[in-house]
1. Step by step: first the residues of the stretch 162-177, then only those that are over 13 Å from Gln195 (Cα atoms) and either assigned by TED's automatic domain parsing to the domain that holds Gly295 or not small (Gly, Ala, Ser) (or both), then the one that is modelled with the lowest pLDDT. Which residue is that?
2. Restricting attention to the stretch 271-283, does a residue exist that is in a loop (DSSP other than H, G, I, E, B) and modelled with pLDDT of 80 or more?
3. Quick one: which residue in Leu53, Leu71, Leu132 is in a loop (DSSP other than H, G, I, E, B), among the aliphatic types (A, V, I, L, M) and at pLDDT below 85?
4. Only one of Val136, Val142, Val149 is surrounded by fewer than 18 Cβ atoms within 10 Å (Cβ to Cβ) and either hydrophobic (A, V, I, L, M, F, W, C) or under 35 Å from the mean Cα position of the chain (by Cα) (or both). Can you tell me which?
5. Quick check: is even one residue across the stretch 186-207 of a type in the set (A, V, I, L, M, F, W, C), within 40 Å of the chain's Cα centre (by Cα) and in a helix (DSSP H, G or I)?
6. Do you know which of the residues in the stretch 242-269 that are at pLDDT below 80 and among the small types (Gly, Ala, Ser) is nearest to Val106 (Cα to Cα)?
7. Specify the residue that is surrounded by the most Cβ atoms within 10 Å (Cβ to Cβ); the eligible residues are those in the stretch 76-103 that are at pLDDT 75 or above and outside any helix (DSSP H, G or I).
8. Here are Leu482, Leu473: which of them is at pLDDT 85 or above, crowded, with 24+ Cβ neighbours inside 10 Å and not polar (S, T, N, Q)?
Amino acid sequence: MKKTHKMINHYSKWQYLVILFTVVILGLNALPNWFGEKAALHIQATSNQPLILDSAKVYNTLSQQGINVDLIEQQNDKNIVLLHDKMQQQQARNLLESTLGEGYSVAMAMESASPSWLKKLGVSPMQLGLDLRGGVQFVMNVDTQAALVEREVKIQQDLTELLKEFKVYGAKVTTTKDAAMTLHFASQTAPQVTQVVKQLTELYPELSTNKSGVQSISITTNQQFAETYHQSLMRQNIKTMRDRIEALGITEAVVQRQGTHFIRIELPGVQDPSQARRIIGATASLDFYPLQSQGGKLYKDKNGEAIRLASTPIMSGSHITDARSQYGEMGMPEVFITLDSAGGKLMSDFTQHNIGKPMATLFSEYQQNAQGTLQKESKIISVATIQAHLGARFTITGMENVKATQELAMLLKAGSLTAPVSIVEERTLGPSLGEQNINNGMAAIALGLAMMLVFMALWYRKLGLIANVALLLNLVCLVGLLSLVPGAVLTLPGIAGLVLTIGMAVDTNVLIFERIKEELSRGKSVALAIHHGYKNALSTIIDANITSLIIAIILFSVGYGSIKGFAITLGLGILTSMFTGIYVSRALVNAFIRQLPIPTKANKSITSMTPAESTLQVTQ
């Protein structure tokens, strides 16, 4: 009976195809990085009307100010202006904003300089971090404790309103430093107080009540809720920050949580941080109040006159879904507001029964005083008489100028911050320094790569040449993977990770080749030495890389900024080095040797190499 033998140093056709397909796909994703990027401006119409833009006017406007334009093209609903000099991007944006007017928005971005056929494939270069591109970084402190205090005040106001609603007279509410409340009441009003407490706990399920006496009830907030509320505030503030930055026209910003109470914001390409600082740090919110003759709270309008508002608003700004700056019928700037269904119902119910009565719009924001403490300041920006039954859409007037209405509309559309923030660190990095960092990093990669290529070629000869090909493909695959993975950002420490990856990729081949040398010293043929060398080194390589990958995952999970950038490059580099060091190099080795059967008892004589096979030698 004829026996079939398993072939050594051989891959199936489908394995070769998978390896080839992976290398080609990652290579295509890496290719745009060779062409680099150019500074660009995205011009879009602010309304829903089709974009009609005179490209010649844009070109002449910029050229007259000495700004060199490489190309102006239209893609979908926007025009893209490619600039020759990155340093002129901010100047060009300011110039076009003043020239084109409010009908257009101008956003700064970076566009790939790749040829059109490569862009059609949908591939783009990897995203560069702040230290490589230049820009502004903010670290902001989120005061969630102030938000908790405001919530406690709101609970106390609702409790007071419920006591009035259930006609509990003579009751008194006191608070302690730990935000606990105690309700004191007369014994004859105990049944009504029970109803009040029941209604209050339905509104705020996190409240716990405890009868501290015959005529008093203690009301406290669950400690677990405080932590949950803190996490919710942080998530909401991060989302709001991202929406505001998107409204500023910055397309490649990084907004990440840092520590317990901080948010780190990186704005690549931004060289004028004044507008970003004003918009990002703003804690503006709107509330709509009815006026009353007595009681309530006193506020000042823009003329300095005191106006008394009800203690409870008609509706808060959290119900606003859209806000746009426009000119009214009298040519005055105003903000057009759109509410969600719940907000529209609240506004509709109130205005339906209060036509002819005044309604005030209260603008509130936190300001940092000389001592660095955040203080809430509120002012009335408009008092209007309700002329008709309003719904989910209406306008706000009374703003000072067009710029004020535009900023208010932007803040309201992005959403108000649920907790006040303060800027604790601001750092600006120029684009020239970022370009210098790139040049220095690329020089380090080139030097490290060249030394490795020379060493492997001299020490391992022909197998060393195969390892060099795999090493170059590893670098290509890693760059392609960094370009392909969403959210992966290359930073200066990330370049250090690239250099480290080169060394780790060589380690894989060194382990394999040393095992091959050991097998040769035991008298095995070159083919068998290669077969057992790859097989025996595999478990060691996997163990070593898995432990490094675990460290990279931990660094990515707990690190911030530069540490996270290094962890991303290190983790992806481990994956590509294992792929190229084990599979790609093995596929290349297979192409140079004859396919031999593994020797068995029935076929012990097949241990020598043919002349074609003996050309592969490993020096010791």
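The values are calculated or read from the model by the stated rules, or taken from the named source; none is laboratory data. Remember, predicted model here, so these are calculated numbers, not experimental data. Note that each Cβ is placed from the backbone with ideal geometry, even for glycine, and that neighbours are counted across all protein chains shown.
1. Initially, the stretch 162-177 is screened for residues over 13 Å from Gln195 (Cα atoms), giving 169-177.
With either assigned by TED's automatic domain parsing to the domain that holds Gly295 or not small (Gly, Ala, Ser) (or both) added as a condition, the list becomes 169, 172-177.
On the way: Tyr169: 79, Lys172: 81, Val173: 79, Thr174: 79, Thr175: 78, Thr176: 71, Lys177: 63.
In this case the residue turns out to be Lys177.
2. Residues of the stretch 271-283 that are in a loop (DSSP other than H, G, I, E, B), as a first pass: 271-272, 281-283.
In the following step, the residues that additionally are modelled with pLDDT of 80 or more were identified as none.
Scanning the stretch 271-283, I find no residue that is in a loop (DSSP other than H, G, I, E, B) and modelled with pLDDT of 80 or more, so the answer is no.
3. Leu53
4. Going through Val136, Val142, Val149 in turn, just one is surrounded by fewer than 18 Cβ atoms within 10 Å (Cβ to Cβ) and either hydrophobic (A, V, I, L, M, F, W, C) or under 35 Å from the mean Cα position of the chain (by Cα) (or both): Val149.
5. Residues of the stretch 186-207 of a type in the set (A, V, I, L, M, F, W, C): 186, 190, 193, 196-197, 200, 203, 207.
Remaining after also requiring within 40 Å of the chain's Cα centre (by Cα): 200, 203, 207.
Keeping just the survivors that are in a helix (DSSP H, G or I) gives 200, 203.
Yes, the stretch 186-207 has at least one match.
6. Gly249
7. Val81
8. Details: Leu473 fails: crowded, with 24+ Cβ neighbours inside 10 Å.
Going through Leu482, Leu473 in turn, just one is at pLDDT 85 or above, crowded, with 24+ Cβ neighbours inside 10 Å and not polar (S, T, N, Q): Leu482.
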